[in-house]
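Structure first, then comments.
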Amino acid sequence: MNSLAERLIALAAAGVVLFNYPILSAFAVDGTIAGAPVLYLYLFTAWAALILLVALALRRNGRGGRGG
Amino acid sequence: MSQEILIVDDEANIVLSLEFLMKQAGFQVRTAEDGEQALEAMEDHPPDLVLLDVMMPRKNGYEVCEEIRRRPEWAGLPVVMLTAKGRDVEREKGLALGADDYITKPFSTQEVVDKVKEILRDRQGGG
Amino acid sequence: MLPEWSILLVSALYVGLLFGIAYFADKLGDRGRSLVNNPYVYTLSIAVYCTAWTFYGSVGLATQSGMAFLTIYLGPTLMAALWWLVLRKIVRISKLYRITSIADFIASRYGKSMALGGLAAVIAVIGITPYIALQLQAVSSSFDVLLYFPDVEAMETPRGVWDDKALYVAVLLAAFAILFGTRHIDATERLEGMVVAVAFESVVKLVAFLSAGIFVTFWLFNGFSDLFARAASHEAIQSLGLLHEIPGGYGAWLTLTILSAFAIIFLPRQWQVTVVENVNEDHIRTASWLFPLYLLAINLFVLPIALAGMTAFGPEMSPDNYVLALPLAEGHGALGLLIYIGGFSAATGMVIVATIALAIMVSNDLVVPILLRKQALSPSVDLSRLIVNIRRLLICCILLLGYLYYLLIADAYALVSIGLISFVAVAQFAPPILAGMFWKGASRAGALAGLSAGFLFWLYTLLLPSLAETGILGQGFIAHGPGGIEWLRPYGLFGITGMDPITHAFFWTMLVNAGLLWGISMFSRRGDMERIQAALFVDVFLRSERDARFWQGTATVGDLQELLGRFIGNEQASRIIYEHAETRGDRLADTEQARPELVHHVERVLAGSIGSASARVMVSSIVKGEALSFEGVMEILDATSRTIEYSRRLEQKSKELEQATQELRAANERLKELDHLKDEFVSMVSHELRTPLTSIRAFGEILLNNPEMDTAQRQQFLDVVVRESERLTRLINQVLDLSKIESGSAEWQLADVDMDRIGREAVEATRQIFSEGKTELRIEGGAGDATVKGDPDRLMQLAINLLSNAAKFSDPDHGRVRLRVDDGPGDTVQLAVTDNGPGIGESDRQRIFEKFHQVSDLQAGKPKGSGLGLAICRLIAEAHWGTIWVESEPGEGSTFICRLPRAGGEHCDLTAHVDFSGWR
């Protein structure tokens, strides 16, 4: 239970870091990758990755983690 | 015709001493320095008794003893095991595998000679 | 372009469908076949977050500040990651204490305070009104775009009230909200029809927006890269840096992220769908990732549409209308209609849930408390009917308020700016709620002060200026401050400038709100009720429903039933009391004294209907005698939480015990293994000692019994005796060495040792063994520094062991042994001993360093090794942070290599790092 809480907090914190200055500024550059602007691609990719990790964190503990 | 003893041990010096003792007691002697050599030597014609060391490279004494007991043509061939492993478990294992006697190293020369003679006498007497 | 009747017809059909779905879902729910007990419906209903703002406004925002529109969805994603920790607690508290709204939550947490509940309700209504207006505006303008495109001027022309579609939309929505939002008086009963309808709308808007995005990206353009490439050369897009910059700056980016993270919990409509309508806490698991995924999907095409719009239209077209205008410009009327319906569904979903949530909040926390206080209710009034009617009236009022605001500011603002004003308003709920959930010390006085101050600052820095910009108030006060007082400028309070208005307002409101909450809580005395509620909220996971028994009172069952009956109807009341008695196994006569549990139960049921503060007032009006003192309640609470804590510890203990047992079992296994290894070792030593002893004894006896033996033979036998005695001595020494090293009792020195010298001295020491045989010994290498840290005697032993090993196994006739000291890879020194013996097979190369392992195929007649020399080498090498191995091909000789780190590396204590005990 606690480790789930720690995992979720860590993921949220990672999200805050990924989606803000200064890391964000590293991707706010001119240029494209596979035709898409770097910033656009980065934000959506990082976003999707975060969602996936949250899903995994909550899935893995799937059963029996209730009530406390 | 005097009886033949096969001495099997990987320690050359021990073979040397046993060979001397057996010859002195009037037996013919053949030697082998590991299990496989011993079995090969017996294929030709079986000896009257085998003095068999346990810890040897390529087939140890237990394996040789098992093999001997499995082969009908060698049924009744007396096997005396010699070992430096002095624990009861090992003695029992040897006897369970069909050895006739079990001598612990270091042995008394008198004891080995007496035991060999005694076993061979019993055999003859028995049949 | 499209005939007006067709748009109206489609809109009407859509609303009809919505009514149908809600009706159907309610009927199913009544029959016990609920559609809402499903994590996917729950998640879709949370997507009511995506309103017309998302649908139209994001595109507008993207044309000004590029990717910044995404912050509104990244914030909720981050918060959703924490839902399992935060939202689940809110849900648990709300269910346990029958809390029906944000205002009720705050009121209840801070000692069932009517003042706080009322204040929160006012903030919510005033704060959300602009947001509702935004939806009406969006529907109205999307209708106009559909109707008049491409006549931009006609689109933007204001129309009279009766000609305005927004009014009719508002009326329709009011009807829906009244029908499906006020079915029960108990606000904790779920509004299944509403939830299912909203979930359906979430599907519609997602499909519609994705259709628009796919049409624009793959129909108007040849996919993403084509679109981005053409946009990149567009002048305005280039100069604004939309593709690769954050035009609003990182400060605003962060503010919007935090704001929206708060909004996803504290917007009244979000609270309604995530907390009040939650059926099962476990659904939060799914929603935590699925809802962000929904957000991601609906935002994928926002930037492409914005860019396409900018390349296609001039400045006279409002960017908020791009979504609709792009397909219309290509003559795709049907697609336009679908997109219009999508936007319509986004707007209506928000308005429906928001008005219902606000109506319940205002009725429970503002209107009913006032009515009760004024004693305006004569006993003959049917309160349940009255309350339902109040809620219906409130729904109409709130929609009317939204409509008026819309008329006032119509078209003066972009959609997003209006929405953000609301976001800052609801962010005011964050400090009192979050602090209240996790900090028992937060007090009513602090919450009241913080919330009031935050609200006032919001009014002054955001709402007033927004009204001023529409021309109702003088524009001057924005630029120069009221009465020309510069430091009171609403966008630059206290002379602090440089932030955009939203960041500015967010900063000040949060500062005063959280600051006062914290500061005043530190110094205010809290009443009993506050302390009890604080404990109940913060420790909710330690409590059970039966806990909060505050009433020592003397109310009769009849009184309680009558009270309950006034609010929820007599039939319902007697059923509730009967069921409660049933579960407790009590039989209750009307005149009997009610147990405290029953009194509490009645209060909770009432709280669901009229809010916790009013419920408390009502119950205390009929219970004679005092409520329990703080100490009394805390005692009860502590007892239960102690029990829960105790059982939890027991569980913990038994888990620990289980683990300890496991560890013990493992340790036991290990011991057994060690014991076995030790046995094996003793047996091996015994064997190795007995073997030479056997020869010695045998020849001794032979010599003794044969005094007349010929001299040559006697000589041979005596020679054997001597050599076997030597072998025995060597073996005994090595066993002692080994056990000394292994037990760590060997005395190690730590000195700088020159391996070159060690090599040379070892060669000298073993020269005799070599000269006895015909083996040639050479020493090579020796250039450069070969200093290692270590014990010189041990290293010498290592070298000698390797050399004597080589001497034994090198070719008997043309033996050649070579010792070489040189640099190893990295910062290491290598000592290598090569022989030209028979070599070592692959299977033996590892095991040769084990104790008593002897290579099977040895040449007969040669003296054998004790089987310990190499094992000792390995111990010594490892104790010096080194490694030892053998490289060999059968028939090609072998090379034993010992590699040691050069002196000056980061070594530590000599013996500490080698775990000898495990080495066997």
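Here is a list: C:Val623, C:Val619. Which entry is of a type outside the set (Gly, Ala, Ser) and modelled with pLDDT of 75 or more?
Numbers: C:Val623 fails: modelled with pLDDT of 75 or more.
Of the residues listed, the single one that is of a type outside the set (Gly, Ala, Ser) and modelled with pLDDT of 75 or more is C:Val619.
Looking only at region C:758-775, count how many residues are acidic (Asp, Glu) and surrounded by 14 or more Cβ atoms within 10 Å (Cβ to Cβ).
Here is the first cut: in region C:758-775, the ones acidic (Asp, Glu) are C:761, C:764, C:772.
Subsequent filtering for residues that are surrounded by 14 or more Cβ atoms within 10 Å (Cβ to Cβ) retains C:761.
Result for region C:758-775: 1.
What tally of residues in region C:765-780 results from selecting those that are outside any strand (DSSP E or B), in contact (Cβ under 8 Å) with a residue 24 or more places away in the chain and closer than 10 Å to C:Ala807 by Cβ?
5
Out of (1) at pLDDT below 90; (2) out of contact with any His (no Cβ under 8 Å at 6 or more places or on another chain), the odd one out for C:Asn38 is which?
For C:Asn38, the exception is condition (2).
So which pairs qualify, if the first residue must be in region C:170-181 and assigned by TED's automatic domain parsing to the domain that holds C:Ala25, the second must be of a type in the set (D, E, K, R), the Cβ gap must be under 9 Å, and the two must be at least 6 apart or on different chains?
Here the result reads C:Ala174/C:Arg392; C:Ala177/C:Arg392; C:Ile178/C:Arg391; C:Ile178/C:Arg392; C:Phe180/C:Asp26; C:Phe180/C:Glu192; C:Gly181/C:Arg391; C:Gly181/C:Arg392, each pair linking region C:170-181 to a residue that is of a type in the set (D, E, K, R).
Limited to region B:1-58, what total is found for residues that are within 13 Å of the chain's Cα centre (by Cα), away from every other protein chain (no Cβ under 14 Å) and either within 13 Å of C:Ala698 (Cβ to Cβ) or among the acidic types (Asp, Glu) (or both)?
The total comes to 2.
If C:Ile264 passes every condition in (1) within 11 Å of chain A (Cβ to nearest Cβ); (2) within 18 Å of A:Gly15 (Cα to Cα) but one, which one does it miss?
(1)
Within region C:86-100, which residues are modelled with pLDDT under 90, hydrophobic (A, V, I, L, M, F, W, C) and assigned to a loop (DSSP other than H, G, I, E, B)?
Matches in region C:86-100: C:Ile99 only.
How many residues does region C:680-712 hold that are aromatic (Phe, Trp, Tyr) and over 16 Å from B:Glu19 (Cβ atoms)?
1
In region C:1-59, how many are more than 30 Å from C:Ala306 (Cβ to Cβ) and assigned to a loop (DSSP other than H, G, I, E, B)?
8
Does C:Gly16 satisfy being at positive phi, of a type in the set (Gly, Ala, Ser) and surrounded by fewer than 24 Cβ atoms within 10 Å (Cβ to Cβ)?
No.
Show the residue pairs that are 6+ apart or on different chains and have beta-carbon atoms under 7 Å apart, the first residue being within region C:315-335 and among the aliphatic types (A, V, I, L, M), the second being surrounded by fewer than 16 Cβ atoms within 10 Å (Cβ to Cβ).
Qualifying pairs under 7 Å: C:Leu326/C:Ala312; C:Leu328/C:Met1; C:Ala329/C:Pro150; C:Ala329/C:Ala312.
Among residues belonging to region C:690-717 that are of a type in the set (A, V, I, L, M) and within 12 Å of another protein chain (Cβ to nearest Cβ), point out the one that is surrounded by the most Cβ atoms within 10 Å (Cβ to Cβ).
Result: C:Ala698.
Just to be sure before I move on: is B:Asp114 within 14 Å of chain C (Cβ to nearest Cβ), modelled with pLDDT of 85 or more and surrounded by fewer than 19 Cβ atoms within 10 Å (Cβ to Cβ) in the structure I sent?
yes
Might you check whether a residue that is assigned to a strand (DSSP E or B) and either in contact with a Lys or Arg (Cβ under 8 Å, 6 or more places away or on another chain) or in contact (Cβ under 8 Å) with a residue 12 or more places away in the chain (or both) occurs anywhere in region C:723-739? Break it down stepwise before answering.
Taking region C:723-739 and keeping what is assigned to a strand (DSSP E or B), we get none.
Looking through region C:723-739, none of the residues is assigned to a strand (DSSP E or B) and either in contact with a Lys or Arg (Cβ under 8 Å, 6 or more places away or on another chain) or in contact (Cβ under 8 Å) with a residue 12 or more places away in the chain (or both).
Residues are listed down the side, and each one gets a yes or a no for (1) at pLDDT below 90; (2) within 27 Å of C:Phe262 (Cβ to Cβ); (3) assigned to a loop (DSSP other than H, G, I, E, B):
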site: C:Leu467; (1), (2), (3): yes, yes, no
site: C:Ile478; (1), (2), (3): yes, yes, no
site: C:Tyr491; (1), (2), (3): yes, yes, yes
site: C:Gly498; (1), (2), (3): yes, yes, yes
site: C:Thr503; (1), (2), (3): yes, yes, no
site: C:Gly515; (1), (2), (3): no, yes, no
site: C:Gly519; (1), (2), (3): no, yes, no
site: C:Arg526; (1), (2), (3): yes, yes, yes
site: C:Ala534; (1), (2), (3): yes, yes, no
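Is region B:83-98 home to any residue that is touching a Lys or Arg at 6+ places or on another chain (Cβ under 6 Å), hydrophobic (A, V, I, L, M, F, W, C) and not in a helix (DSSP H, G or I)?
Yes - at least one qualifying residue is present in region B:83-98.
Mind checking whether some residue in region C:720-733 is under 22 Å from C:Asp793 (Cα atoms), among the β-branched types (Val, Ile, Thr) and more than 10 Å from every other protein chain (Cβ to nearest Cβ)?
Yes, there is a match, as at least one residue in region C:720-733 is under 22 Å from C:Asp793 (Cα atoms), among the β-branched types (Val, Ile, Thr) and more than 10 Å from every other protein chain (Cβ to nearest Cβ).
Tell me, yes or no, whether region B:78-85 has at least one residue that is over 13 Å from the mean Cα position of the chain (by Cα) and modelled with pLDDT under 85.
So the first thing to find is which residues in region B:78-85 are over 13 Å from the mean Cα position of the chain (by Cα), and the list is B:84-85.
Those still in the list that are modelled with pLDDT under 85 too: B:84-85.
Yes: one or more hits.
Between residues in region A:33-52 that are within 7 Å of chain C (Cβ to nearest Cβ) and surrounded by 13 or more Cβ atoms within 10 Å (Cβ to Cβ) and residues that are part of a helix (DSSP H, G or I) and hydroxyl-bearing (Ser, Thr, Tyr), which pairs lie under 6 Å by C-beta distance while being six or more apart or on different chains?
Within 6 Å, the pairs are A:Gly35/C:Ser225.
The values are calculated or read from the model by the stated rules, or taken from the named source; none is laboratory data. Nothing here was measured: the structure is a model prediction, and the numbers come from that model. FYI the Cβ positions are ideal-geometry reconstructions off the backbone, even for glycines, and counts take in every protein chain you see.
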